[in-house]
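Structure first, then comments.
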Amino acid sequence: MAPLGRAALLLAFGLIAYALVAGSYGAWRRRRRLALSAQNALLAAFPATLLASIVLLVALGRRDMTFVYVWQHTSHELPLPYALSAFWGGQEGSLLLWLLVLTGYGALAVWLNRRSRELMAWTVPVFALVGSFFVFMLCFVSSPFHMQPAPVDGQGMVPSLQNPYMLAHPPMLYLGYVGLTVPFAFAMGALLSGRTDERWIVATRRWTLAAWTFLGIGQLLGSHWAYVEIGWGGYYAWDPVENAALMPWLAATAFLHSVMIQEKRGMLKIWNMVLVALAFNLSLFGTFLTRSGVIDSIHSFSQSPVGGWFLAFLGVMVAFSIVLIYLRLPLLRTKTKLESLVSREATFLYNNLLLVALCLTILWGVLYPVLSDAVRGQTRSVSKPYYDFFLHTFGLPLLFLMGLGPLVAWRRASLRSLGKTFLIPFAAAVATGAALLALGFGSAWPGLLAYTFSAFVGASIVLEFVRGRAAAGSVFRLVGRNRRRYGGYVVHAAVVLLAIGIAGSSAYQTVRERTLQPGQSLTAAGYTLTYHGLTSVKGPNYTGFRAQLTASGHGERFNLNPGMNDYQIEGPSNEASIYHDPRTLGDVFTKAQIVKGDKIDLQVFVKPLVNLIWVAGFVFVIGSIIAMWPDAVEQRRLAARYAAGAAPAGI
Amino acid sequence: MHWALVLAAVLAVVAVVFVARPFLRDPAPASDRLDELAPEARRRLALAEERDRALAALKELEFDHRTGKVSDEDYRAQVGPMRRRAAEALRALGPAEELRSSPGG
């Protein structure tokens, strides 16, 4: 089996290297057949990588311990779904997943745009440039197909990874991370070919949206996994690897907004190229962070030889992007100027500046400890207060702009008409803020502001739908004819839910901790929890205990059973117990540790509105699907535009 | 083990044939030159993009006016120049495009 996997990877290496070299030469010397041949090589690299992936999956499924990778990440007792998920649980496997998604995306994107030969001629080598690094690593530096004499059993999987969310969270993130290669490859291909028209944007619009959606969902799934599995009572810890996924998402969010200005006004061509390159390079940076071992994180793999390679490749790609954009500046400059600072495009620009500022401050927070260690030899850490400060500084104005943007007309808006449209959302926000202040929510100003701004955004979205419906006749017609706009508003509604959920569960959470003996109680935020004793549990590969708790409050009565699992090979793991209160949309989150005998240390977190964060995920997906849904009329118009544009002169 | 190597060899041969396909299908082409947009085609493409932007801007303005985001006064001030811009873009593309993009066309 392993020789087949190695051979498939070597074949993929040959094909991708050929696509890079022959594709670049063919595009440079304008050789049609050579460019097509390179395109075919990129297409063929996908089945070759798929074969290597199948070999690894079969080995994982069979717990074939002659594979060093399988031995390192599974055990015979590990349930099959988790054994298969070890595909992305270790370094070599996750590199293979990167390559699989990259070649899959590359093949599909190239196939769908094969008629646009001039653009594809340079896009193929850019895809191949990225792919060649990963396939090189897999063939010569970090192979998942190293063999050994079969040991009795494997080293098992980290207990926290034995969770259903781990079956979906990493693949979603990879679909997002790698998906950002598609707009990058097309953008760089457009620059190399000198085609700075909107063809590359049209080709990658849905790819970018899909990658951004996957990245967003991947992060939410990861947050939910951290919340239910890690057992520290939170869902986002500003961990460097969590930040590594957030940064490209923020850059891609900025791009999705600014690209609309290019499409509608022909402006910001340079800025859009910068954002595409930033988003892609940040996704590479995220991969580097996870694999290099330069940071200490629950997500990162241990110290490994791939860090230096990754850093070098990242340097090459950053330099490649900067030099290429710089060389093509004359082609990217446009004469169109911003007509007014009070216009839709201006609000998009402000939103872009805030998103990029937030992204760069997070980047600095991630880099500072690493640089401090490397330059001064001092170990420093950047903790929650730093990130919270910038989240409030940039996040709250962003939330406000999200409500303001839809109310402002394109090109220019007079203050009078803006005042008229502004009135209802502004009144809703003031009324909400005043009511919350009266109810005692002033104890946490960031929370109060987040709720107030959320009311403003929510009202502006509702107003947009109401006015749009009146103009279009029905909501279906309205959304059907303006899918990107109204899909975007649904995504904005998801962000509002997210903001309310985060504000509620962080600014207004209650935390209590106490050592309890059977029969004793603890009270937190109106809930009373009574401890009755311990019971033992047994799973396929673990034993453990659960504390028996009954709880009541806010008209609800329920049971909770926090405890710990002791995995036979992998060691102990916290098992939180959570009650989702349907009345408050919040959670009662508990974790327990044995102190002595049946005496336990119980921690309780009451997190108001936290479930809105997960609801936001569903709304986010619905909005993204609406925005991505193909519009036949627009597709015909674009097909006609490029067919006419590509026609020889004189027709 | 042998079957794995045989399978790998077969795959390699198939891949090589697939990669060589453009040369096998067309061993002696009249021209092996990669299509490239002529300067005139590039100019027309830029005009087509400009036309689409101008028409979309008009549509947006109408919609913003109907939904109350643009006052009557602002609408009257903006609609004239925007219509002129759209008409100029259509004229620059030629009479066929004017017909194709007209409301009834």
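The values are calculated or read from the model by the stated rules, or taken from the named source; none is laboratory data. Since this is a predicted model, take the numbers as computed values, not measurements. For neighbour counting, all protein chains shown are included, and Cβ atoms are generated from backbone atoms with ideal geometry for every residue, glycine included. Only protein heavy atoms, including side chains, enter the accessible area calculation; ligands, DNA and RNA are left aside. Shrake-Rupley method; radii C 1.70, N 1.55, O 1.52, S 1.80 Å.
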Checklist entry - Counting alpha carbon pairs within less than 8 Å and at least 6 residues apart, what relative contact order, in whole percent, applies to chain A? => result 10 percent
Checklist entry - Ordering B:2, A:224, A:392 by how much accessible area each has at a 1.4 Å probe, largest first, what is the list? => result B:2, A:392, A:224
Checklist entry - What nm value, rounded to one decimal, do you get for the distance between residue A:340 and residue A:511 when each label is placed 7 Å out toward the C-beta? => result 4.9 nm
Checklist entry - Highest mean first, what order results for A:627-633, A:581-587 on Cβ atoms within 10 Å? => result A:581-587, A:627-633
Checklist entry - Residues of chain A: accessible area per residue at 1.4 Å, in Å²? => result 39 Å²
Item to check | Residues along the range B:12-40 losing 50 Å² or more of accessible surface when the other protein chains are present rather than the chain by itself (probe 1.4 Å) | outcome: B:18, B:19, B:22, B:23, B:32, B:33, B:34, B:35, B:37
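Given the rule -39500 (n - 2.57) for each run of at least 4 DSSP H residues, summed and divided by the residues of chain A, what is its mean residue ellipticity at 222 nm, to the nearest 500 deg cm²/dmol?
Result for chain A: -21500 deg cm²/dmol, rounded to the nearest 500.
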Next on the checklist: If you average the alpha carbon positions of the range A:125-179 and of the range A:563-627, how far apart do those two centres end up, in angstrom?
Outcome noted: 28 Å
Checklist entry - If you bin the C-alpha pair distances of chain A every 20 Å from 0, what whole percents do you get? => result 17, 48, 31, 5, 0
Checklist outcome for this item: The relative contact order of the range A:156-243, taking Cα pairs under 8 Å that sit 6 or more residues apart, comes to a percentage of 39 percent
Next on the checklist: Tell me the carbon and sulfur percent of the accessible area for the protein assembly as shown, rounded to whole percent, probe radius 1.4 Å.
Outcome noted: 66 percent
Checklist entry - Taking the Cβ of residue B:74 as the center, what net charge do the other residues with Cβ under 10 Å away carry, scoring Lys and Arg +1 and Asp and Glu -1? => result +2
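Between their Cα atoms, which of A:269/B:59; A:538/A:599; A:269/A:420 are more than 26 Å away from each other?
A:269/A:420
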Checklist entry - Mind checking which aspartates and glutamates have their C-alpha under 17 Å from residue A:384, skipping anything on the same chain fewer than 8 residues away? => result A:239, A:242, A:296
Item to check | Within-9-Å neighbourhood charge of residue B:32 [Cβ basis; K, R +1; D, E -1] | outcome: +4
Next on the checklist: If DNA, RNA and ligands are ignored and the probe is 1.4 Å, what is the ranking of A:123, A:379, A:528 by accessible area, most exposed first?
Outcome noted: A:379, A:528, A:123
Next on the checklist: Once you keep just the Cα pairs under 8 angstrom separated by 6 or more residues, what percentage relative contact order results for the range A:215-356?
Outcome noted: 26 percent
Item to check | Accessible area buried, both sides summed, chains B and A with 1.4 Å probe, Å² | outcome: 4800 Å²
Next on the checklist: Sort A:529-538, A:563-572, A:191-200, A:53-62 by packing, meaning the average of other beta carbons within 10 Å per residue, with the highest value first.
Outcome noted: A:191-200, A:53-62, A:563-572, A:529-538
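Work out, step by step, the length gained on full extension between residue A:320 and residue A:530: first 0.36 nm times the residue separation, then minus their alpha carbon distance; give nm to one decimal.
69.4 nm
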Item to check | Under the span-like rule (Cα at least 20 Å along the axis, Kyte-Doolittle mean at least 1.6), DSSP H helices of chain B | outcome: B:2-25
